[in-house]
Amino acid sequence: MLTQQILDGLSKFYPETILSVTILVIVFVELFFKKKTRVSGWIAMAGLAAAMLFTFLQVNIPAQTIFFQMVAVDPFSYFFKVLLILSGFLIVLFTFLSDEIRSSEFKTQEYYALLIALTLGGFLMASSVNLLMMYLALELSSLSSYVLAGYFKKSNRSSEAALKYVIYGGVSSGLMLFGISLIYGICGSLDMFAISAYLSANPVNLITLLIAIFLMLAGFGYKISAVPFHFWTPDVYEGSPMPVTALLSVSSKAAGFAMLIRFFLVAFQNAGHPTITTEGLHQYITLPGLHWPEVIAVIAVATMTLGNVVAIWQDNLKRLLAYSSIAQAGYMLLAFVVVSPQGISAMLTYLAVYLFMNLGAFFAAILISNKYKTENIEEMKGIGYRSPLLCVSMAVFMLSLSGIPMTAGFIGKFYIFSALINNGYIWLAIIGLMNSVVSLYYYIKILKNMFLIRPQGDTGAVSFGAGYSVLLLALAIPTIVLGIFFGPLTKFAEYSVQIFGLK
Amino acid sequence: MGINYFLILALLLFSIGVAGVLLRRNAIIVFMCIELMLNSVNLVFVSFSSYLGNSIGQIFVFFIMTVAAAEAAVGLAIIIALFRNKETINIDEINILKW
Amino acid sequence: MINNILSFLIFLPIILSIPILFFKAGKDKLIKTYTIAVTIVVFILSIILYFGFDASKSDFQFVEKVQWVTDFNIFYFLGVDGISLLLILLTTLIFPVTILAVWNSITTRTKEFYFLLLILEGSLIGVFLSLDLILFYVFWELILIPMYFIIGIWGGKNKYYATVKFFLYTMFGSLLMLVAIIWLANYATPMIGKFTTDYTELRKVSIFMPLNIQMWMFIFFGLSFAIKVPMFPFHTWLPDAHTEAPTAGSVILAAVLLKMGTYGLLRFSIGLFPLTFVRFAVPIAILGVIGIIYGALLCIAQKDMKKLVAYSSVSHMGFIVLALAGMTVESVQGGLIQMVNHGLSTGALFLFVGFIYDRRHTREIADYGGLTKIIPIFASLFLVVCLSSIGLPGLNGFVGEFMILAGSFASPNLHNNIYTILGTIGIVLSAVYLLWMYQRVMLGPVENEANRNVPDLNKREIISIIPILLFIVWIGVYPNTFLSKSEASVKRVIENVEAAKKNILNIY
């Protein structure tokens, strides 16, 4: 019986198993190569592709939990698995094409193993329904990302970034654990469904519960870099190797969001009450008296405002993108305030378009630093005329991040603000849009330097290999196309809202 | 003995840990303070486990201990890498990156 | 093709802009000829549209409606009525004229310039033809991008400041509009039975919304239009953008972009929230009048010709705002024809300033004087344009201003004719600043020796300006050609307002 259940679980755990095997294979293969080689990169890609294949096979699997209610296999986790694999795949390509990593004297084998480990951690974060599992998944992805951030051992900036990351990470996981222990003390269980059932049936001290929630938010907020747990973000983003920064800004953020959504919606739903639908509005029913959506609203507003305002003063492109990604997390949190399937699907849509536009922006930044040896925006004057394709793509990503129509970013914002307005949060929507105006200022500052100011000194054209251009277009074209034909994406997001255990 | 004593002790330890992280300037001591935070959480788990009479909390403690060890390994490795570059582990002097 | 003529109007310039990127750099003449050919084809299309348009119908014609976003019922929905028809004609006329007129002023990055110009034309036409709010919003925002680059790359000394200011101002307004669009569609959902951003559906139900909610939506919409018009006190972006933009940019900005604001007020603010507009008619009229007088006073103080023309836009657009606030058939018709007039006259004024700037590279009024003797053709044509802008009877400005003043004087919505009377001062002031400028630049003795050898207008420039002059006189003498096309649509708008007023009496 026990074996039966484990075997049954394993049969639905192929993607994760494949990733684990990939990690081991990379570590093993490493033993046979003394010199730098791309072999482990290709293995990583093969592993990701295989995991993708097996994820696709799960597309119509009925929502369920496996391994004794530790991990859920449902459309929600499916969405994040696809997202994480896509992002992992692109990051491997980025690493191939980044001069920064190629020129470093280090072997890249462990790098790919850690990248896959981070992806695996993200998989588990998106699907765990038990707080113990959730904590382990979080630590798996955190530990890999600490090492990745400090991957250039000999670089001052890289190891400093890693140290800051590990300290902030340690503190927030400590806070989160304290929160988990309080919830365990209150409910006597770590299972999210049991927590929800207990809280719905028994009166509890709401103050203690709120303190526990705040403590847990430290863990989530740190992963998605929400204010006030964002302090590590700019430093780590600036100091880490650029592909790692891109990975942190998308994969680990997406996984953090997955965990946040699942935990809050499942653990704090009012289990006794069926979901009600009024006036075409479908809302999740949360515990009465527990005002966590309001807390999220405050955090969301603070996050995007801080991110946007501070980004204005940045000269370093990576730092600017760091603050911009803080602000983007704020927009996504806004949609969570609604606590309805519409809001969640808006979040998922935004995450998907964010994958393309943010990875695109980072890839463009990688190429700029490859060719122009600079990360400073002021030194990018006039490069729009020296490498038009690169800079036009960068412009597309910037405009998309700021949410101009005809780009994917607009669709993301449109869905988020529709969800907000639909549920009566008009002022929140207005604050969000005012933030967009602020963000425009720094996004177009980059465009200004690239296109409006004439190049100084060398004005020769700088071109890239075909591989670079293809990858750049592979990110820029979806960013535009998803701005015009986004039906399939939003359908996918709406389908993926089905979280196991929620009506 | 009631559970409160244990919880208060754990809270004290946790607060010492948090204060240490915020106040101490030596990266290794900061790390030890993080460990202290984790251990105080362990204490909470164990006391709740015994109070509630279920074993889940104690299982969690094992996992925390393992993860804490892993985290310490990674953290110390990073501190060593940094020390080789900068010859200091004073957090105030680790300041190339700032806004 | 005639059924899809609106799509052709929008996408012909946008799609045909792409080949420009593949032309060899340095083949400037080819690029220019190609661009002008495209814009002339678009103009011919709009003439076909003009003749195909049935003036007796007040409904939207040549309608194209395709579902774009299924779950939100957002449509690719185009249609033309008398109001948009005139603005389409204006837009398509101004583009070839401008390109011909500034033939040699753009010397760097020609390819990109003409590429952006065609994109701009397509999206401008899109703004005037969209009948779905989201589609409208998309085109509205799309305009910012080419305009940002046109000002930012080919602009004057302060171009960065000007272009960022322009961008952020407009963006601020339009994002509020986005909130209002979603809010409106959302609020209308139970009334219509589905979420949709279809303008024709929404306007049926929007008048029944609670007045305080209407008011907020109206303000959000109105703010974005007011910034674009620009209405006092949101006008501060305009002088910067105008003076820094290259001549072609200024002409298009003045002639067409500003009309987006007044068009939006007429189509969406009045169309969707007639009652709220009636409630706010007086404050809007006051802002319009302040704009008229304030703009005119600022003009008198200007030393730079381009700035003077820029501020005169503030003043002239004030008339159109007053006209819309008046909300009678005459005043709105006058406002509409004045939109066209302003496009022609101010566009032409910018062209003339550009002509003289290309020759002397200064725009300071004090640097000129006595040019009449040196460049007589320029002087005489410039005089005609100035007079048209002032509103001399027989030229177009008079028709528009007269109709506006007559219409708003008797308007029941303003309760008081003091606004009209104050507006009249604006006409007097416009005579003062324009004629005074003309006198300082053109008349008197030649004081600056550098002006002696200024060449007169060449054939290309004369040819480019002739269509504008033609329409200036045409509208002045026989405005009915154009007014008759828009009459039914304007009447319909006003009838809607009156009906809404009656309705509200029935409700309360």
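Can you give me the number of residues within the stretch A:451-469 that are within 35 Å of the chain's Cα centre (by Cα), surrounded by 10 or more Cβ atoms within 10 Å (Cβ to Cβ) and in a loop (DSSP other than H, G, I, E, B)?
Matching residues across the stretch A:451-469 total 4.
Restricting to the stretch C:143-177, and then to whatever is closer than 20 Å to C:Lys111 by Cβ and among the hydrophobic types (A, V, I, L, M, F, W, C), can you tell me which residue is farthest from the other protein chains (Cβ to nearest Cβ)?
Ranking the candidates gives C:Met147 first.
So is C:Leu168 modelled with pLDDT under 90 and either outside the structural domain of C:Leu120 (by TED's automatic domain parsing) or closer than 21 Å to A:Gly382 by Cα (or both) or not?
no
For the stretch A:418-428, what are the residues that are without any contact (Cβ under 8 Å) to a residue 40 or more places away in the chain and either at the interface with chain C (Cβ under 8 Å from one of its Cβ atoms) or acidic (Asp, Glu) (or both)?
Within the stretch A:418-428, A:Ile421, A:Ile426 qualify.
If only one of A:Val92, A:Val82, A:Val147 is at the interface with chain B (Cβ under 10 Å from one of its Cβ atoms), among the β-branched types (Val, Ile, Thr) and either within 20 Å of the chain's Cα centre (by Cα) or not in a helix (DSSP H, G or I) (or both), which one is it? Working first, answer last.
Numbers: A:Val92 fails: at the interface with chain B (Cβ under 10 Å from one of its Cβ atoms); A:Val82 fails: at the interface with chain B (Cβ under 10 Å from one of its Cβ atoms).
Of the residues listed, the single one that is at the interface with chain B (Cβ under 10 Å from one of its Cβ atoms), among the β-branched types (Val, Ile, Thr) and either within 20 Å of the chain's Cα centre (by Cα) or not in a helix (DSSP H, G or I) (or both) is A:Val147.
Just to be sure I understand, how many residues within the stretch C:184-230 are within 30 Å of C:Ala241 (Cβ to Cβ) and in contact with a strand residue (DSSP E or B) (Cβ under 6 Å, 6 or more places away or on another chain)?
1
Residue-by-condition table, conditions (1) part of a loop (DSSP other than H, G, I, E, B); (2) within 23 Å of the chain's Cα centre (by Cα); (3) farther than 18 Å from A:Tyr443 by Cα; (4) at pLDDT 85 or above:
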position	(1), (2), (3), (4)
A:Gln342	no, yes, yes, yes
A:Ser345	no, yes, yes, yes
A:Leu348	no, yes, yes, yes
A:Val353	no, yes, no, yes
A:Asn358	no, yes, no, yes
A:Ala361	no, yes, no, yes
A:Ala364	no, yes, no, yes
A:Thr374	yes, no, no, no
A:Ala395	no, yes, no, yes
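For the structure I just gave you, tell me whether B:Leu43 is part of a helix (DSSP H, G or I) and closer than 26 Å to A:Tyr198 by Cα.
yes
I'm told C:Phe51 meets every condition in (1) touching a helix residue (DSSP H, G or I) at 6+ places or on another chain (Cβ under 7 Å); (2) aromatic (Phe, Trp, Tyr); (3) in a helix (DSSP H, G or I) except one. Can you identify the failing condition by its number?
Unmet for C:Phe51, out of (1) touching a helix residue (DSSP H, G or I) at 6+ places or on another chain (Cβ under 7 Å); (2) aromatic (Phe, Trp, Tyr); (3) in a helix (DSSP H, G or I): (1).
Taking the stretch C:73-83 as the region of interest, how many residues are in contact with a helix residue (DSSP H, G or I) (Cβ under 7 Å, 6 or more places away or on another chain) and not in a strand (DSSP E or B)?
3
Would you be able to say whether some residue in the stretch A:349-356 is farther than 14 Å from A:Pro234 by Cα and in contact with a Phe, Trp or Tyr (Cβ under 6 Å, 6 or more places away or on another chain)?
Yes, that holds for at least one residue.
With the condition kept exactly as written, say whether any residue in the stretch A:339-349 is touching a Gly at 6+ places or on another chain (Cβ under 8 Å) and farther than 25 Å from A:Pro241 by Cβ.
Within the stretch A:339-349, one or more residues are touching a Gly at 6+ places or on another chain (Cβ under 8 Å) and farther than 25 Å from A:Pro241 by Cβ.
Report, by residue number, each residue of the stretch B:1-15 that is aliphatic (A, V, I, L, M) and surrounded by fewer than 10 Cβ atoms within 10 Å (Cβ to Cβ).
Correct list: B:Met1 only.
Among the helices (runs of 4 or more DSSP H) contained in the stretch A:209-269, which hold 3 or more residues that are within 20 Å of A:Val339 (Cβ to Cβ)?
In the stretch A:209-269, the matching helices (runs of 4 or more DSSP H) lie at A:253-262.
From the residues in the stretch A:156-176 that are polar (S, T, N, Q) and within 17 Å of B:Ile89 (Cβ to Cβ), which one is farthest from the other protein chains (Cβ to nearest Cβ)?
Step by step, filter the stretch A:156-176, then rank; the result is A:Ser158.
Across the stretch A:150-166, what is the number of residues that are part of a helix (DSSP H, G or I), of a type outside the set (D, E, K, R) and surrounded by fewer than 24 Cβ atoms within 10 Å (Cβ to Cβ)? Reasoning before the result, please.
We begin by selecting, within the stretch A:150-166, every residue part of a helix (DSSP H, G or I); these are A:156-166.
Next, from what is left, pick out any that are of a type outside the set (D, E, K, R): A:156, A:158-159, A:161-163, A:165-166.
Among the residues that remain, those that are also surrounded by fewer than 24 Cβ atoms within 10 Å (Cβ to Cβ) are: A:156.
Result for the stretch A:150-166: 1.
Kindly indicate whether any position in the stretch A:115-131 is farther than 17 Å from A:Leu163 by Cα, within 9 Å of chain B (Cβ to nearest Cβ) and assigned to a helix (DSSP H, G or I). Reasoning before the result, please.
Initially, the stretch A:115-131 is screened for residues farther than 17 Å from A:Leu163 by Cα, giving A:115-131.
Checking the rest, the ones that are also within 9 Å of chain B (Cβ to nearest Cβ) come to A:131.
Going one step further and asking which of them are assigned to a helix (DSSP H, G or I), we end up with A:131.
Yes, the conditions are met somewhere in the stretch A:115-131.
C:Leu135: over 16 Å from the mean Cα position of the chain (by Cα), under 18 Å from A:Pro405 (Cβ atoms) and touching a residue at least 60 places away in the same chain (Cβ under 8 Å), yes or no? Let's see the steps before the verdict.
Numbers: over 16 Å from the mean Cα position of the chain (by Cα): yes; under 18 Å from A:Pro405 (Cβ atoms): yes; touching a residue at least 60 places away in the same chain (Cβ under 8 Å): yes.
For C:Leu135, the condition - over 16 Å from the mean Cα position of the chain (by Cα), under 18 Å from A:Pro405 (Cβ atoms) and touching a residue at least 60 places away in the same chain (Cβ under 8 Å) - is met.
For the stretch A:470-503: of the residues being surrounded by 17 or more Cβ atoms within 10 Å (Cβ to Cβ) and aromatic (Phe, Trp, Tyr), which is nearest to the other protein chains (Cβ to nearest Cβ)?
It comes out as A:Phe486.
Residues in the stretch B:52-75: is at least one within 7 Å of chain A (Cβ to nearest Cβ), among the aliphatic types (A, V, I, L, M), crowded, with 17+ Cβ neighbours inside 10 Å and under 12 Å from A:Leu163 (Cα atoms)?
Yes - at least one qualifying residue is present in the stretch B:52-75.
Matching residues to (1) closer than 30 Å to C:His361 by Cα; (2) surrounded by 12 or more Cβ atoms within 10 Å (Cβ to Cβ); (3) in contact (Cβ under 8 Å) with a residue 40 or more places away in the chain:
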residue	(1), (2), (3)
C:Arg460	yes, yes, yes
C:Pro467	yes, yes, yes
C:Tyr478	no, no, no
C:Ala500	no, yes, yes
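For the stretch A:172-197, give me the residue count where each residue is under 19 Å from B:Ala69 (Cα atoms) and touching a residue at least 40 places away in the same chain (Cβ under 8 Å).
Residues that pass the stated criteria total 5.
Within the stretch C:377-404, track down each residue that is over 16 Å from C:Leu469 (Cβ atoms) and either assigned to a helix (DSSP H, G or I) or at pLDDT 90 or above (or both).
Within the stretch C:377-404, C:Gly400, C:Glu401, C:Phe402, C:Met403, C:Ile404 meet the criteria.
May I ask you to verify whether A:Val438 is under 18 Å from C:Leu176 (Cα atoms) and within 12 Å of chain C (Cβ to nearest Cβ)?
yes
Return only the number of the condition from (1) closer than 29 Å to A:Phe485 by Cα; (2) part of a helix (DSSP H, G or I); (3) touching a Lys or Arg at 6+ places or on another chain (Cβ under 6 Å) that C:Phe113 does not satisfy.
(3)
Need the failing condition index for A:Asn370 against (1) within 18 Å of A:Pro241 (Cβ to Cβ); (2) at pLDDT 90 or above, just the number.
(2)
Just one of the numbered conditions (1) facing chain A (nearest Cβ under 10 Å); (2) crowded, with 21+ Cβ neighbours inside 10 Å; (3) modelled with pLDDT under 90 is not true of C:Leu135; which one?
Failing condition for C:Leu135: (3).
I'd like to verify a number: residues in the stretch A:376-416 that are touching a residue at least 60 places away in the same chain (Cβ under 8 Å) and farther than 18 Å from A:Ala461 by Cα, how many?
18
The values are calculated or read from the model by the stated rules, or taken from the named source; none is laboratory data. Because the structure is predicted, anything quoted here is derived from the model rather than measured. Quick reminder, even Gly has a Cβ in these numbers, built from the backbone with ideal geometry, and neighbours come from all protein chains shown.
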